[in-house]
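Novice: Before I ask anything, here is the structure I am working with.
The values are calculated or read from the model by the stated rules, or taken from the named source; none is laboratory data. Just so you know, these numbers come straight off a predicted model, no measurement behind them. FYI the Cβ positions are ideal-geometry reconstructions off the backbone, even for glycines, and counts take in every protein chain you see. Surface accessibility is based on the protein's heavy atoms, side chains included, excluding ligands, DNA and RNA. Shrake-Rupley method; radii C 1.70, N 1.55, O 1.52, S 1.80 Å.
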Amino acid sequence: MDRKTGQLTKQEIRQVMLNHLKSLDPVEKKKRDAALIQKFLTSPSYSNHQVLALFLSMDFELDTQGILTQAQKDGKTILIPKTYPKGKMTFVPYNKDHLCLSRFGIREPNQGKVVDKSEIDLILVPGLAFGASGHRLGFGAGYYDRYLADFKGKTVSLSYAFQRLDFEVSVYDIAVQEVIDDTI
């Protein structure tokens, strides 16, 4: 806890959110995921964009497989992130046959042509917590903040309601344009 403000530090918030996400009842999580994904798939953010960059979720995160499956059916171009040392990240076309586990335990491509960020319409940005102004608290490595610093397209994050809270942001934190949560 920060002695000056009495608020939880970013690292403490990350841990609280990870614990909460990992403790969700699997049946309840599946229902919440389905509702949140449906909310996203019926949004203008999804329908108005053709080239979609999304992350392949870990077990405790919102399951992005439903988005990926629908985007394929809708004929959208799907890109997924590839990470490199020193916080560098790119996006390449999704191919289920060219996936490996990264050093972070995340499925990512092991090959594929890098797509220039100017060709990406919409990025679905992961996070552990989301502030009212669209700022997000990720896992702490800064990959998305670096990538989004000069990204000109649309950014959206999907969140459970309990992930919405205020926290201190730094000049390096890049806000997403829209956060869609599971409130009605």
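Novice: Of a type in the set (G, A, S), in contact with a helix residue (DSSP H, G or I) (Cβ under 7 Å, 6 or more places away or on another chain) and either more than 19 Å from I180 (Cα to Cα) or surrounded by 18 or more Cβ atoms within 10 Å (Cβ to Cβ) (or both) - does that describe any residue in region 2-16?
Specialist: No, region 2-16 has no match at all.
Novice: Just one of (1) at pLDDT below 90; (2) over 25 Å from K39 (Cα atoms); (3) hydrophobic (A, V, I, L, M, F, W, C); (4) touching a Lys or Arg at 6+ places or on another chain (Cβ under 9 Å) trips up A132, so point out which.
Specialist: (2)
Novice: So, one more: Restricting attention to region 45-55, which residues are in contact with a helix residue (DSSP H, G or I) (Cβ under 8 Å, 6 or more places away or on another chain) and open to solvent by less than 20 Å² (accessible area, probe 1.4 Å)?
Specialist: Y46, L52, L54
Novice: Turning to a different aspect of this structure: What single numbered condition from (1) surrounded by 13 or more Cβ atoms within 10 Å (Cβ to Cβ); (2) hydroxyl-bearing (S, T, Y); (3) closer than 15 Å to Y160 by Cα fails to hold for S23?
Specialist: If we test S23 against (1) surrounded by 13 or more Cβ atoms within 10 Å (Cβ to Cβ); (2) hydroxyl-bearing (S, T, Y); (3) closer than 15 Å to Y160 by Cα, just (1) comes out false.
Novice: Considering only residues that are within 17 Å of the chain's Cα centre (by Cα) and small (G, A, S), which ones fall in region 36-81?
Specialist: If the condition is that a residue be within 17 Å of the chain's Cα centre (by Cα) and small (G, A, S), then S43, S45, A53, S57, G66, A71 are the ones that fit.
Novice: Sticking with this one: For region 139-158, enumerate the residues that are closer than 24 Å to K30 by Cβ and either surrounded by fewer than 21 Cβ atoms within 10 Å (Cβ to Cβ) or free of Cβ contacts under 8 Å to residues at least 24 places away in the same chain (or both).
Specialist: F139
Novice: Next question. Within region 6-19, track down each residue that is assigned to a helix (DSSP H, G or I) and farther than 16 Å from G138 by Cβ.
Specialist: Selection gives N19 alone.
Novice: Exactly one of (1) farther than 20 Å from L41 by Cα; (2) touching a residue at least 24 places away in the same chain (Cβ under 8 Å) is unmet by H98. Its number?
Specialist: The failed condition is (2).
Novice: Just name the residue that is farthest from M58 (Cα to Cα) out of those in region 93-131 that are of a type in the set (D, E, K, R) and surrounded by fewer than 12 Cβ atoms within 10 Å (Cβ to Cβ).
Specialist: My answer is D116.
Novice: Take residues that are of a type in the set (A, V, I, L, M) and within 25 Å of Q15 (Cα to Cα) and tell me which of the strands (runs of 3 or more DSSP E) falling wholly in region 31-124 contain 1 or more.
Specialist: So the answer is 89-93, 99-101, 122-124.
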